[in-house]
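See structure below.
The values are calculated or read from the model by the stated rules, or taken from the named source; none is laboratory data. Fair warning: this is a prediction, and the values are worked out from it, not measured in the lab. Cβ: placed from backbone, ideal geometry, glycine included. Neighbour counts: every protein chain shown. Keep in mind that these areas ignore ligands, DNA and RNA; they rest on the heavy atoms of the full protein, side chains included. Shrake-Rupley method; radii C 1.70, N 1.55, O 1.52, S 1.80 Å.
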Amino acid sequence: FFFLTSERRAASRGDKQEQTVTSYASKPFRCEVSQWDSDEPVPRAELLKGIQGAHGLLCLLSDKVDAEVLEAAGPNLKVISTLSVGFDHLAIDEIKKRGIRVGYTPDVLTDATAELTVALLLATARRLPEGVEEVKNGGWSSWKPLWLCGYGLSGSTVGIIGLGRIGMAIAQRLMPFGVKRLLYSGRTAKPHAAEVNGEFVPLDTLVSESDFIVVSCSLTPETQGMCDKSFFSKMKPTAVFINTSRGAVVNQEHLYEALSSGQIAAAGLDVTTPEPLPTNHRLLTLKNCVVLPHIGSATYSTRGVMSALAARNLLGGLQGTDMPSELTL
Ligand code: NDP
Ligand code: DGY
């Protein structure tokens, strides 16, 4: 869904509704709200039409907010609030140039996303989807010593790429499984890494020494395509690769080669390029690749809190007051 909001008093028309906003605003004020009332993404043409003259936009990570959208909006637009912590779908330079403020949803989804990452890691390493499938298709003939064996966390080395809010929450959840060494890489060493005995290492060291690699960094020009042929060639053949950041961090063709040739053991992806991943994509033919439909933050309570925060950010931006989570541009 998206909101286009203006502070002008206007008559209700079409899909626009005039509303008095009191619950999240510091003082009641009237605004005209135009809502894309569907779980499906707003078509680009509708977005370009609907945003004209708007003062605010509440968008999803599937809405690409680029120069074209900003041009269509015109000079009224003063705030963009995204229902996500990732903001790679926003043309930040263009937004900054126009003096538009941006709200996002950090922290409130950290626990849910870290939980999902751990679930995906265990499902991938212990081959849960394969096991479930074998039970259903009659492949379960008897208990066999090496059937459906995978890899365990106890005594392992885990490497986290991007020990930010979510990366740290993943580390905190993985350490109690008996992880022996926790490596991390990023642009800067993190003082909070001490809580999980994290060792700041160059990316190459992390890649070659880890039994589990978890990608939890943001998508930037620097991280785009970072997990490529050379990256996978340095991994142990028994290592498991997990990505819950953004699909574009991974070169999926190179990942396919690494998985199908046995260069690495398995991969678990919550994010892909594109999304949705076409059902005939080669990655989906592999038993050692577990793909989820971008559900990292998908708990009812988390999405509720994210929505409320995104609404508060929007209203703060419209009123020119503090936004609870404003992105520093
Ligand atoms: P943070 O900003 O707290 O963490 C991002 C981390 O990325 C920082 O630690 C940063 O390190 C690191 N990073 C940046 N550049 C690089 C680099 N070149 N190499 C390695 N690390 C780098 O964000 P969050 O933890 O809150 O969120 C992280 C990302 O997770 C989001 O941007 C989003 O894309 C994704 N996400 C996915 C979800 C899902 O549903 N699957 C749900 C929520 C988020 P440094 O500080 O050193 O620059
Ligand atoms: C985000 O917030 O960036 C996620 O990808 C969805 O919650």
_Under 5 Å between amide hydrogens, which residues at least 5 positions from S81 or on another chain qualify, with H placed 1.01 Å from N in the peptide plane?_
L57, L58, C59, G103
_Hydrodynamic radius by Kirkwood, which averages 1/r over all alpha carbon pairs of the range 38-128, in angstrom_ = 14.8
*Potential extension, D107-L284 segment - 0.36 nm per residue separation minus Cα distance*: 60.5 nm
*Provide, for q = 0.18 Å⁻¹, the log10 of I(q)/I(0) from a solvent-free Debye sum over equal Cα point scatterers in the range 180-279.*
-0.85
*What are the residues whose amide H is under 5 Å from the amide H of V290, where those residues sit 5 or more places off or on another chain and H is modelled from the backbone?*
A267, G268, L269
*How big is the range 138-198 by the Kirkwood estimate over distinct Cα pairs, in Å?*
13.4
*For the chain, what is the accessible area per residue in Å², given a 1.4 Å probe and the full set of protein chains?*
49
*222 nm mean residue ellipticity, helices alone, for the chain (DSSP H n ≥ 4; -39,500 (n - 2.57); rounded to 500)*: -8500 deg cm²/dmol
_Is there a quick way to get the dipole size of the range 268-329? I mean about its Cα centre, with the Cβ of Lys and Arg at +1 and of Asp and Glu at -1; what is the value in debye to the nearest 20?_
280
*At q = 0.16, 0.23 Å⁻¹, what log₁₀ I(q)/I(0) does a Debye calculation on the Cα points of the range 212-329 give, no solvent, two decimals?*
-0.80, -1.27
*chymotrypsin sites (Phe, Trp or Tyr not before Pro) restricted to DSSP loop in the range 145-177 with at most 15 other C-beta within 10 Å*: W147
*Using every alpha carbon pair in the chain, what percent of pairs falls into each 10 Å bin from 0 up to the bin containing the largest distance?*
5, 24, 29, 21, 14, 6, 1, 0
*asked:* Charges on Cβ only, +1 for Lys and Arg, -1 for Asp and Glu, centred on the Cα centroid of the chain; of A266, S245, S307, which one is farthest towards the dipole's positive end?
replied: S307
*Report Rg(Cα)/(2.2 N^0.38 Å) for the range 95-212, keeping two decimals.*
1.37
_Which residues among the range 256-292 fall inside the zone where the amide N is under 18 Å from a point 7 Å beyond the Cα of K144, along Cα→Cβ?_
287-288
_As a quick test, which of the pairs K64/K236; K64/K97; K229/K287; K180/K229; K190/K234; K136/K180 have an alpha carbon distance above 29 angstrom in this structure?_
K64/K236; K136/K180
*In the chain, which helices (entire DSSP H runs) extend 18 Å or more along their own long axis, judged by Cα positions, while averaging at least -1.0 on the Kyte-Doolittle scale?*
110-125, 300-319
*Starting from the Cα of T188, step 7 Å along the direction of its Cβ; do the same at K97; then give the gap between the two resulting points in nm.*
2.8
*Share of the range 121-231's accessible area from carbon and sulfur, percent, 1.4 Å?*
56
